[in-house]
Every structure is written in C-alpha cells, then in structure tokens.
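First up is the structure itself, then whatever we jot down about it.
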Amino acid sequence: MLRWLRRTIGRLASGRPDRRRARPGLEGLEGREVPSGPGALVPFATLSGAVATAGKPAVVLFEVQPGHVASDRAIPLLLGLDAVPAAGSAVTPKVDRILSLSGQATHAVATRNGPFLTGVSIPLSQPSVYAVRVVGTGQTTGAFTVEAFLPGDTNGDGRVDRVDLARVRSSYGSSLGSKRYVASADFDQDGRIGAHDLMLTRRNLGSTLSIVALTPTTATK
C-alpha cells in the first residue's frame, strides 16, 4: 500500500495519469474559472508543504474521518483550498489539482489566482484520503501553507450556519474598500460580495467539516 501511494503521489506531482489501475483518478476541472484576488479567507485547518524544485509540484495529504463531516444536503459539500507562501518564502503557490486516494468522486472549480473549490463526499465507514497538488508559479520554490476553508464559513469554525448566512447577506453588494465589505465572506476572492458568494453559502449551509493532515506514512495506517 505504501509503495502504491508513493507511486500515485509521484504521478500526481508529475501530472502523469495512472493507466494501470482503476483506483481513483484525477478529477476533471469544470469548464469555467472564477476570478480571484483580494480578500482574507478564514481557514479552519492548514496543511504545510514545500516546492523543492522549480517546475516540479509538491503534494500534501489530508484525511476526512467519518463523524467529522456533515451536510444537510445529499450532494457533496464544498471545500476551499488556498495556498499561501510561508513566512519568508519566495514561492508563489497555487493549488491546481486534487486526487481522492479512497475512491471518492471530486468535482473542482478552478480559480485564476486564489482558492480552489472541490466537492467532498461524506465518508460512511472508512476515512477518505485526499492528495492536493501545489505548483510554484513562475518557477518559484519554497515552503507554503494550504489553508482549508468552507465556503460560507465566515469565522473559521468549520461550520456554515445562519450566523454566516446573515453576515454574507448583510455585506451583499459591497466591494473591496467599502465599509460593508467583509473579506472573509468573499469566497471567490473577486473583490466583491455577490450572487456567487451567496450561492456558495447556501450550498454549504448546515455543513460542518474537520480534516487531519497526513504524511505518506500515516496515510497507509
């Protein structure tokens, strides 16, 4: 299992598809891009990693355990992943792909400059493990942090409730620089609180999530 996991991570880092197995494959991105840029999202968890070699992506792992995720809807909840440089690091990191190592389907939305949004299914009996690929744009290298957030969660408590919905509604129509603008409610990071932010909040309303950072060794235990 450990050998297979290392090979899978190697293929994810290189971008090569796995044609030998029917185990979980890299999901296709949806056809549209969401503009992204200003704002300050509030993560409920962080994952650490480093791009060691220019042009070669890094991979970080996390696990979703049964009982640590809930949703009021039958569809998968949305998880946001935003890569930022560690203190003093020269890397310009970007999450560009996610791979389920447990057979769970993922459906991602790419953003131009910021958060990566993907669907996360609720594990019923066994933990679900995911591998996240991070690239250093512009051939940059260095340490980074992947910040995990729930679109709709404005205070970083890992849940989306009526308080979050009220905060998004109260800032609806505002833009960066205005008094009503709330950076933590700008989930697509386009500098304004609009219909897409409200849609994301409603999509995740009633959802809760916590994740566990893994290493290739702990992921096989």
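The values are calculated or read from the model by the stated rules, or taken from the named source; none is laboratory data. Computed from a prediction, not measured in an experiment: that's the story for all the values here. Note that each Cβ is placed from the backbone with ideal geometry, even for glycine, and that neighbours are counted across all protein chains shown. Heads up: the accessible areas ignore ligands, DNA and RNA and are worked out on the full protein's heavy atoms, side chains in. Shrake-Rupley method; radii C 1.70, N 1.55, O 1.52, S 1.80 Å.
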Does region 210-220 include one or more residues that are in contact with a Ser or Thr (Cβ under 8 Å, 6 or more places away or on another chain) and modelled with pLDDT under 95? yes
Could you please let me know if Ala87 is assigned to a loop (DSSP other than H, G, I, E, B), without any contact (Cβ under 8 Å) to a residue 12 or more places away in the chain and either hydroxyl-bearing (Ser, Thr, Tyr) or closer than 30 Å to Ala54 by Cα (or both)? yes
Going by the conditions given, is Ala50 open to solvent by 20 Å² or more (accessible area, probe 1.4 Å), modelled with pLDDT of 90 or more and either assigned to a strand (DSSP E or B) or in contact with a Cys (Cβ under 8 Å, 6 or more places away or on another chain) (or both)? yes
Condition first: modelled with pLDDT of 95 or more, surrounded by 14 or more Cβ atoms within 10 Å (Cβ to Cβ) and charged (D, E, K, R). Can you find one or more residues in region 194-201 that meet it? no
State yes or no: is Asp157 among the acidic types (Asp, Glu), open to solvent by 30 Å² or more (accessible area, probe 1.4 Å), at pLDDT 90 or above and under 25 Å from Val64 (Cβ atoms)? yes
Residue selected from region 160-183 under the condition open to solvent by less than 10 Å² (accessible area, probe 1.4 Å) and either touching a residue at least 40 places away in the same chain (Cβ under 8 Å) or not in a loop (DSSP other than H, G, I, E, B) (or both), by the criterion nearest to Pro57 (Cα to Cα): Val160
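Out of Gly152, Gly138, Gly103, Gly67, I need the residue that is open to solvent by less than 20 Å² (accessible area, probe 1.4 Å) and either within 25 Å of Arg203 (Cβ to Cβ) or not aliphatic (A, V, I, L, M) (or both). Which one?
On the way: Gly138 fails: open to solvent by less than 20 Å² (accessible area, probe 1.4 Å); Gly103 fails: open to solvent by less than 20 Å² (accessible area, probe 1.4 Å); Gly67 fails: open to solvent by less than 20 Å² (accessible area, probe 1.4 Å).
The conditions single out Gly152.
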